[in-house]
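Colleague: Got a structure for you, questions after.
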Amino acid sequence: MASSFRLCLLFFFISTALAELPGGLKGCKQSSKDFSKCLSQQVNHALKFFKDGNKKMGVNPIEPFKFQRLLIDQGTGPVAIKLEFKNLNLHGVSNTKILDTKCDWKEISFKANLDNLLIFGEYKINGKVLVLPIAGNGASNITMTNLDVTAKMKLKEFQKGGKSYFKGETFEIIISPKRTFFQLENLFNGDKALGDNMNLFLNENHAQIVNELKPAVSKALSQAFLQVANQVFSKIPANEIKLA
């Protein structure tokens, strides 16, 4: 997911900063009355164009996205777990629909929707889900459907080496899937009966579980994305992004 946001930023900068682009991509000028609409359209187009990557531009394939690590640590409440994912592959990101984008260079925000997001990788979990203890590690298969995403990042412009750069000061992202399907292998040291019952329990209570975990998930993603965003911002002077 951090890789996902890094590419969204790349597409955002492409749409605002470059005039001649491959694959029918076009730049968007902030002075235009259709700036937000143009930006949303061009990011949507870029997601399709870069689905298989572009070696010339140094863009890796979007399908699948690779995400090295994500830690969700929630110590209290009905769902109190420590859940770590590694080597995640995300399928479906290129089908993201950017619905609305706003930017005044003090704040960037966007709303998006994704029909299906398939997540495969390694997991390790320990804690409590509602009334039941949970523990295990192994392969995970998680599918989210009709996924709404909202994100907002506050920006600050600063000087470095005689040039102006942007820095993200805060970042907030919220994901809201309509339905989530869980399949966690090797729960409870491979006890099939306990594992099958827990997966059934997770799927029957998916809405409450996702809702309880939303603050912890948002915090984990926001911290990761802010770090990635500032890595990108630090390499591109403000005057190469911020066009009139």
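The values are calculated or read from the model by the stated rules, or taken from the named source; none is laboratory data. All of these numbers come straight from a predicted model, not from anything done at the bench. Methodologically, a virtual Cβ is constructed for each residue, glycine included, from the backbone with ideal geometry; neighbour enumeration extends over all protein chains shown. Each accessible area value is taken on the protein alone, full model and side chains, heavy atoms only, with ligands, DNA and RNA left out. Shrake-Rupley method; radii C 1.70, N 1.55, O 1.52, S 1.80 Å.
Colleague: If the requirement is being open to solvent by less than 60 Å² (accessible area, probe 1.4 Å), at pLDDT 85 or above and within 21 Å of the chain's Cα centre (by Cα), which of these qualifies: Gly77, Gly92, Gly53?
Modeller: One residue alone meets the criteria, Gly92.
Colleague: Phe166: in a strand (DSSP E or B), in contact (Cβ under 8 Å) with a residue 12 or more places away in the chain and closer than 24 Å to Lys51 by Cβ, yes or no?
Modeller: On the way: in a strand (DSSP E or B): yes; in contact (Cβ under 8 Å) with a residue 12 or more places away in the chain: yes; closer than 24 Å to Lys51 by Cβ: no.
Considered against the rule, which asks whether it is in a strand (DSSP E or B), in contact (Cβ under 8 Å) with a residue 12 or more places away in the chain and closer than 24 Å to Lys51 by Cβ, Phe166 comes out as no.
Colleague: On the basis of being crowded, with 18+ Cβ neighbours inside 10 Å, within 22 Å of Val93 (Cβ to Cβ) and within 26 Å of the chain's Cα centre (by Cα), does Ile175 make the cut? Spell out the reasoning first.
Modeller: On the way: crowded, with 18+ Cβ neighbours inside 10 Å: yes; within 22 Å of Val93 (Cβ to Cβ): yes; within 26 Å of the chain's Cα centre (by Cα): yes.
Spelling it out, Ile175 is indeed crowded, with 18+ Cβ neighbours inside 10 Å, within 22 Å of Val93 (Cβ to Cβ) and within 26 Å of the chain's Cα centre (by Cα).
Colleague: Which ones in the stretch 146-167 are closer than 26 Å to Val210 by Cβ and open to solvent by less than 30 Å² (accessible area, probe 1.4 Å)?
Modeller: Leu147, Val149, Ala151, Met153
Colleague: Restricting the search to the stretch 122-137, which residues are at positive phi and out of contact with any helix residue (DSSP H, G or I) (no Cβ under 8 Å at 6 or more places or on another chain)?
Modeller: Scanning the stretch 122-137 gives a single hit, Gly127.
Colleague: Scanning the stretch 95-138 for residues that are of a type in the set (S, T, N, Q) and within 30 Å of Ala80 (Cα to Cα), which turns out least open to solvent (accessible area, probe 1.4 Å)?
Modeller: Asn113
Colleague: Out of Gln208, Gln183, report the one residue that is within 19 Å of Leu132 (Cα to Cα), more than 16 Å from the chain's Cα centre (by Cα) and not in a helix (DSSP H, G or I).
Modeller: That would be Gln183, the only listed residue that is within 19 Å of Leu132 (Cα to Cα), more than 16 Å from the chain's Cα centre (by Cα) and not in a helix (DSSP H, G or I).
Colleague: Hey, another quick one. Cβ-Cβ under 6 Å, sequence separation 6+ or interchain: first residue in the stretch 54-67 and under 15 Å from Leu88 (Cβ atoms) and aromatic (Phe, Trp, Tyr), partner crowded, with 17+ Cβ neighbours inside 10 Å and modelled with pLDDT of 75 or more. Which pairs?
Modeller: Close Cβ pairs satisfying both conditions: Phe65/Leu90; Phe65/Val93; Phe67/Leu88.
Colleague: Only one of Leu200, Leu194 is touching a helix residue (DSSP H, G or I) at 6+ places or on another chain (Cβ under 6 Å), among the hydrophobic types (A, V, I, L, M, F, W, C), over 20 Å from Lys86 (Cβ atoms) and not in a strand (DSSP E or B); which? Talk me through it step by step, then tell me what you get.
Modeller: On the way: Leu200 fails: touching a helix residue (DSSP H, G or I) at 6+ places or on another chain (Cβ under 6 Å).
Of the residues listed, the single one that is touching a helix residue (DSSP H, G or I) at 6+ places or on another chain (Cβ under 6 Å), among the hydrophobic types (A, V, I, L, M, F, W, C), over 20 Å from Lys86 (Cβ atoms) and not in a strand (DSSP E or B) is Leu194.
Colleague: Go through the stretch 75-105 and give me each residue that's farther than 29 Å from Ile125 by Cα and among the charged types (D, E, K, R).
Modeller: Lys97, Asp100, Lys102, Asp104
Colleague: Considering only residues that are open to solvent by 40 Å² or more (accessible area, probe 1.4 Å) and under 17 Å from Leu132 (Cβ atoms), which ones fall in the stretch 187-200?
Modeller: Selection gives Phe188, Asn189, Asp191, Lys192, Ala193, Leu194, Asp196, Asn197, Leu200.
Colleague: Looking at Ser109, Ser36, Ser31 in this structure, which one is at pLDDT 85 or above and out of contact with any helix residue (DSSP H, G or I) (no Cβ under 9 Å at 6 or more places or on another chain)?
Modeller: Ser109
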